[in-house]
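The values are calculated or read from the model by the stated rules, or taken from the named source; none is laboratory data. The structure presented is a predicted model; accordingly, all values stated were derived computationally and were not measured. In this analysis, Cβ positions are derived from the backbone assuming ideal geometry, glycine residues included, and neighbour counts consider all displayed protein chains.
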């Protein structure tokens, strides 16, 4: 589990506030924070896809966690950036 969390941490594009926070944490605190981020993100997606969350949750529980330079390449090969994801809310 530790390797998985560290690998995930290295792959996530943190916003600058998260970067500053992570530099002041011990390894255990950082692992716990990463675990909580993953669990919170999972809970967001479950609630979002079930229609249980307000539209504002897309911004506060998802987009706010991403760096403005975030890019994802979908399995289809389509590249989506932060602004693309912002426009996709509840369409």
Practice item. Mind listing whichever residues of the range 69-91 are within 17 Å of the chain's Cα centre (by Cα), modelled with pLDDT under 85 and under 20 Å from residue 55 (Cα atoms)? Key: 88, 89
Study note, to complete from the structure: Residues of the range 47-69 being exposed (fewer than 14 other Cβ atoms within 10 Å of the Cβ) and under 25 Å from residue 83 (Cβ atoms), in sequence order, are 49, 51, 54, 55, 56, 59, 60, 64, 68, 69
Check your understanding: Taking only pairs six or more apart or across chains, which ones have beta-carbon atoms under 9 Å, a first residue in the range 23-47 that is free of Cβ contacts under 8 Å to residues at least 24 places away in the same chain, and a second residue that is outside any helix (DSSP H, G or I)?
Key -> 32/25; 33/25; 44/53; 46/52; 47/53
Review point. Considering only residues of the range 55-68 that are assigned to a loop (DSSP other than H, G, I, E, B) and within 11 Å of the chain's Cα centre (by Cα), which is farthest from residue 38 (Cα to Cα)?
Key: 67
**Study point:** Qualifying positions in the range 1-54 - part of a loop (DSSP other than H, G, I, E, B) and at pLDDT 85 or above
**Key:** 50, 51, 52, 53, 54
